[in-house]
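Input: a single structure, listed below in structure tokens.
Just so it is clear, none of the values below were taken in a lab; they were calculated from the coordinates. Note that the structure is predicted; figures quoted are calculated from it, not measured. Positions of Cβ are generated from backbone atoms using ideal geometry, with glycine treated the same way; all protein chains shown enter the neighbour counts.
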Amino acid sequence: MRRRDFIAIVGSAAAWPLAARAQQGARVRRVGILFAAFTETDRAGQVRIAAFLEALRALGWEPGHNIAIDYRSGAGNAERIKTFAAELVRDAPDAIIAVGDLALEHLRSLKGAIPIVFTQVSEPVDSGFVSSLARPGGNITGFQNFEPEMGGKWLGVLKEIAPGLKRVGALFGADVAPHTSFLRAAEKVAPSLGVTIAVVDIRSELEGAISSFVGQPESGLIVFPHPKTIAGRKSINALAARHRLPAIYPYRYFAADGGLVAYGPDQIDQWRGAATYVNRILKGEKPADLPVQAPTKYELAINLKAAKEIGITVPATLVARADEVIE
């Protein structure tokens, strides 16, 4: 289903025709946002849009007055993402925000010249989205997500929270190129931690993929960032709890929704940055001249309630390091 706005927080960001009428003939700048994962009602997506709109307003852009924003949500479905990418490009906005690797990949494949600002993309250079971080070139720039070594860091935190782990399943999607780097990094670190890594292919149905992995004691999960794992995070959390699997996730909202532990960048700050880049583009700067920004802050979130449900006592040292502790 396609919707023009996230009603819960962006009622003032009307659909483009309505905004244009409200402006009574004055030019309204148009921005499209393509989410690969979030649904229209997903609280995590709403929080990010709220931060983006707040930053836009501080820069003088008021939805429904001098800017109109069109939201499209892929909800983790690759075909929906592809369809909505084509729709946004066909509508020819002044700029597009691509949220996630698959969203950016489909937009890039259309070979348009519309300026694109991305978030939640992990390997923009290796994936061919930009020429370099300092000088992106072309019509794409944005905010990088994870470095390739993150797979090993996730495994290290998971082993710290559950020292008895011997076997860890990596929720892996071959359609997202950075997953290969995350997997290799985890496999590189695994022997020193006394752990073996198994690939849990999520290209099919999530529950079946996870259920096929369980059955052995001392097992856990690394949940790589992917439209399917983001959209299906509550189901993953429930499966992990049911099978008593310690699991680590890429974003703090996974822990807020019942996951054990999450470690990843402060995306809210990056959404404020995306508003700054959109502002600069609308005022005439080119994406080619705006460097790709790396994360400046990582967040560790621990859900003690989830730990109790699966019989884990979280080390006090790890709790002390956490940016957020959910009880």
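Where does helix 267-282 land angle-wise versus the long Cα axis of the chain, in degrees 0 to 90, nearest 10?
20 degrees
Which value, in debye to the nearest 20, describes the size of the charge dipole of the range 108-219 about its Cα centre when Lys and Arg Cβ atoms bear +1, Asp and Glu Cβ atoms bear -1, and nothing else is charged?
Rounded to the nearest 20 debye, it is 240 debye.
Considering Cα pairs under 8 angstrom that are at least six residues apart, work out the relative contact order of the range 102-148 and quote it in whole percent.
43 percent
Out of the DSSP beta bridges found with both residues in the chain, what percent are antiparallel (nearest 5)?
Given both bridge residues lie in the chain, the antiparallel proportion sits at roughly 10 percent.
Considering every Cα-Cα pair within the range 262-327, what fraction, in whole percent, is farther apart than 20 Å?
Cα-Cα pairs in the range 262-327 separated by more than 20 Å: 49 percent.
How high is the relative contact order of the range 248-327, in percent, with contacts defined as C-alpha pairs under 8 Å that are six or more residues apart?
Reported relative contact order: 33 percent.
Given charges of +1 on the Cβ of Lys and Arg and -1 on the Cβ of Asp and Glu, with all other atoms neutral, how large is the dipole of the range 79-131 about its Cα centre, in debye to the nearest 20?
160 debye
What are the ³J(HN,Hα) values, in whole Hz, obtained from phi via the Karplus relation 6.51 cos²θ - 1.76 cosθ + 1.60 with θ = phi - 60°, for each residue of the range 208-222 in sequence order, with x given for Gly and Pro?
x, 5, 5, 4, 5, 8, 6, x, 10, x, 6, 10, x, 9, 10
Out of 172, 128, 258, whose Cα points farthest toward the positive end of the dipole of the chain (charges: +1 Lys, Arg; -1 Asp, Glu; placed on Cβ)?
128
Which angle from 0 to 90°, rounded to the nearest 10, does the C-alpha axis of helix 233-242 make with the longest principal axis of the chain?
Compared with the principal axis, the helix lies near 10 degrees.
Hey, how much of the P(r) for the range 87-168 falls beyond 22 Å, as a percent of Cα pairs?
Roughly 38 percent, rounded to a whole number.
Apply 1/(1 + (r/R0)^6) to the Cβ-Cβ distance of residue 276 and residue 216, taking R0 = 56 Å, and write down the FRET efficiency to the nearest 0.05.
Computed FRET efficiency for residue 276 and residue 216: 0.70.
List every residue whose amide H lies under 5 Å from the amide H of residue 62, counting only residues 5 or more places away in sequence or on a different chain, with H placed 1.01 Å from N in the peptide plane.
Under 5 Å from the amide H of residue 62: 67.
Over the chain, what relative contact order in percent results from Cα pairs under 8 Å that are six or more residues apart?
Value for the chain: 18 percent.
Mind jotting down the three principal axis lengths of the range 53-132 based on Cα atoms? Whole angstrom, largest first.
36, 28, 24
Would you mind classifying the range 128-236 by shape? Square roots of the alpha carbon gyration tensor eigenvalues, ordered a ≥ b ≥ c; an a/c under 1.5 is rounded, otherwise it is prolate if a/b is larger than b/c and oblate if not.
Oblate, since a/c reaches 1.5 and b/c is not below a/b.
What's the Kirkwood radius of the range 237-290 in Å, using all Cα pairs?
Computed over Cα pairs of the range 237-290, the Kirkwood hydrodynamic radius comes out at 13.6 Å.
Given springs between every Cα pair under 10 Å in a Gaussian network model of the chain, which of 298, 277, 71 has the largest fluctuation?
298
Within 10 Å, Cβ to Cβ, of residue 121, how many net charges do the neighbouring residues add up to if Lys/Arg are +1 and Asp/Glu are -1?
That sum, taken over residues with Cβ under 10 Å, equals -3.
Can you list the HN-Hα couplings for the range 51-57, worked out from phi with the Karplus curve (6.51, -1.76, 1.60; θ = phi - 60°), rounded to whole Hz and with x for Gly and Pro?
Along the range 51-57, the couplings run 5, 4, 5, 4, 5, 4, 4 Hz.
Taking H placed 1.01 Å from N in the peptide plane, check which residues at least 5 places from residue 198 or on another chain put their amide H under 5 Å from its amide H.
Under 5 Å from the amide H of residue 198 lie the amide H atoms of 168, 169, 170, each far enough along the sequence or on another chain.
Roughly how tilted is helix 150-161, in degrees to the nearest 10 and between 0 and 90, from the longest Cα axis of the chain?
50 degrees
Any idea which of 182, 237, 278 is furthest toward the positive side of the dipole for the range 158-283, if Lys and Arg beta-carbons carry +1 and Asp and Glu beta-carbons -1?
Going by the charge dipole, the pick is 278.
Return the sequence-ordered ³J(HN,Hα) values of the range 115-132 in whole Hz as given by the Karplus equation 6.51 cos²θ - 1.76 cosθ + 1.60 applied to θ = phi - 60°, using x for Gly and Pro.
These are the phi-based 3J(HN,Hα) values: x, 10, 10, 9, 9, 6, 10, 9, 10, x, 7, 4, 7, x, 6, 9, 6, 7 Hz.
Please report, in debye to the nearest 20, how large the charge dipole of the chain is about its Cα centre when each Lys and Arg carries +1 at its beta carbon and each Asp and Glu carries -1 there.
420 debye
So which residue, out of 145, 237, 77, gets the largest mean-square fluctuation from a GNM of the chain using Cα contacts under 10 Å as springs?
77
Using only the alpha-carbon atoms, what does the chain span along each of its principal axes? Please give whole angstrom values in decreasing order.
66, 37, 36
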